[in-house]
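Visitor: There's a structure below that I have some questions on.
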Amino acid sequence: MKRRFARLAALAVLLGVSAPGARAQALPDGPDAAVLESGQEIRAQLTPRQYTTLSSEMAARIDRIATRVGERFKKGDVLVAFDCAAQKAQLAHAQAVLTQAEKTFVINQRLMQLKSTGQLELDIAAAEVEKAKADRSAAEAAVAKCTIIAPFDGIAVDQKAREFQYTNAGQPLLDILDDHGLEVELIAPSRWLAWLKPGMAFKVEIHETEKSYTAKVTRLSGRVDPVSQTIKVIGEISQTAPELMAGMSGRAVIAPPSGQ
């Protein structure tokens, strides 16, 4: 029986028949297989150059959300406003205390000239003015948190809170991004570093639009993933394409220089 099994195994080797599963290991399927075959085609994804989640800096009730999902805004626009009656009252109180301290200091200066008060009283009055200024600055900072200002031109992509809702400090409110500054993010084999450089042009085919776009490499990540032996590559679309949106994906075809 053992001799018969040995003869069958030898015959299989002569005929080039491999064991089950060996072919699957030798020829991987999926995107990795395409990369290994062509050495030039990799997956691409569009990402916004600027994006952030706006959060509340205070515990307060939302009075107004000025932008909804899908609406555009300009840098400096008020996106969220809170009910800040208490904070504004504190600011008015701080301003009144400062006015009083400044008037007291002026009176002490005059009394000092008339030799009717001492230097200590004048120094104390000056210190009260500085203290009142600090209290006013703190009150102004609190009032400044009553509105959330757009840090850049963009569009709202997700709303995580509603008007008249009470929020705590640090609670996420809006996801926003700059959809006019899109980048192409690629994950390339690290062996491409021998010829892949910033400024190199390539083509991007986007699945959602079924179109091809001209792009160029702008920068390379400063670290190679030692496990996958890949590196992140960032590029940008060279042509105007208003139909593109963050999150779209496709494939990038990068041709190495001649001789590589």
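No lab work stands behind these numbers, since they all come straight from the coordinates. Everything numeric here is computed off the predicted structure, so don't read it as measured data. All Cβ positions, glycine included, derive from the backbone under ideal geometry; neighbour counts span all protein chains shown.
Visitor: Compare the peptides 90-101, 64-75 by average per-residue count of other Cβ atoms within 10 angstrom and give them in order, highest first.
Guide: Values: 90-101: 16.2, 64-75: 13.1.
Averaged packing, sorted descending, gives the order 90-101, 64-75.
Visitor: Would you list which lysines come within 28 Å of LYS131, measuring only between C-alpha atoms, while excluding same-chain residues fewer than 8 positions from it?
Guide: Straight-line reach from LYS131, under 28 Å: LYS88, LYS103, LYS115, LYS145.
Visitor: Oh, and also: Find out how many positive minus negative residues lie around ILE124, taking Lys and Arg as positive, Asp and Glu as negative, among other residues whose Cβ is under 13 Å from that of ILE124. Please report the intermediate quantities before stating the final value.
Guide: Values: positive: LYS131; negative: GLU121, ASP123, GLU128, GLU130.
Net charge in that neighbourhood comes out at -3.
Visitor: Can I ask one more? At 0.36 nm per residue, minus the direct Cα-Cα distance, what do VAL69 and LEU120 gain on full extension? Give it in nm, one decimal, please.
Guide: Contour length minus the Cα-Cα distance gives 12.3 nm.
Visitor: Note down the net charge around LEU54, summing +1 for each Lys or Arg and -1 for each Asp or Glu among other residues with Cβ under 10 Å from its Cβ.
Guide: Working: positive: LYS160; negative: GLU57, ASP175.
Local net charge: -1.
Visitor: Here's something else I'd like to know. Set the Förster radius R0 to 30 Å, insert the Cβ-Cβ distance between LYS211 and GLN50 as r into 1/(1 + (r/R0)^6), and round the FRET efficiency to 0.05.
Guide: Step by step, r from the Cβ atoms, then E = 0.80.
Visitor: Now for a different question. With Rg and the Kirkwood Rh both taken from Cα atoms, where does Rg over Rh land for segment 85-144?
Guide: Taking Rh as the inverse mean 1/r over Cα pairs, Rg/Rh reads 1.14.
Visitor: To continue, here is another question. Under 21 Å Cα to Cα from LYS211, which lysines show up? Leave out anything in the same chain fewer than 8 places away.
Guide: Excluding near neighbours in sequence, the set is LYS203.
Visitor: Further question on the same structure: Within 15 Å, Cβ to Cβ, of ALA81, how many net charges do the neighbouring residues add up to if Lys/Arg are +1 and Asp/Glu are -1? Kindly include the intermediate steps, with their values, before the conclusion.
Guide: On the way: positive: ARG61, ARG64, ARG68, LYS88, LYS145, ARG162; negative: GLU57, ASP63, ASP77, ASP83, GLU163.
Once all neighbours under 15 Å are counted, the net charge is +1.
Visitor: Let me ask another. Could you tell me the calculated FRET efficiency between LYS145 and SER190, based on Cβ-Cβ distance and R0 = 51 angstrom, to the nearest 0.05?
Guide: 0.65
Visitor: Between SER137 and ILE107, 0.36 nm times their residue separation minus their Cα-Cα distance comes to what?
Guide: In short, 8.4 nm is gained.
Visitor: In vacuum, with every alpha carbon of segment 68-218 counted as one equal point scatterer, what does the Debye formula give for log10 I(q)/I(0) at q = 0.15, 0.21 Å⁻¹? Two decimals, please.
Guide: -0.94, -1.23
Visitor: Describe numerically, in nm with one decimal, the distance between label points set 7 Å from Cα along Cα→Cβ at ALA255 and at LYS197.
Guide: A separation of 1.8 nm, rounded to one decimal place.
Visitor: Within segment 181-247, which chymotrypsin sites (Phe, Trp or Tyr not before Pro) sit in a loop by DSSP and count at most 15 neighbouring Cβ atoms inside 10 Å?
Guide: Within segment 181-247, the qualifying chymotrypsin sites (Phe, Trp or Tyr not before Pro) (loop, at most 15 other Cβ atoms within 10 Å) are TRP195.
Visitor: To the nearest 0.05, what FRET efficiency results for GLN159 and SER228 with a Förster distance of 35 Å applied to their C-beta separation?
Guide: For GLN159 and SER228, the calculated efficiency is 0.45.
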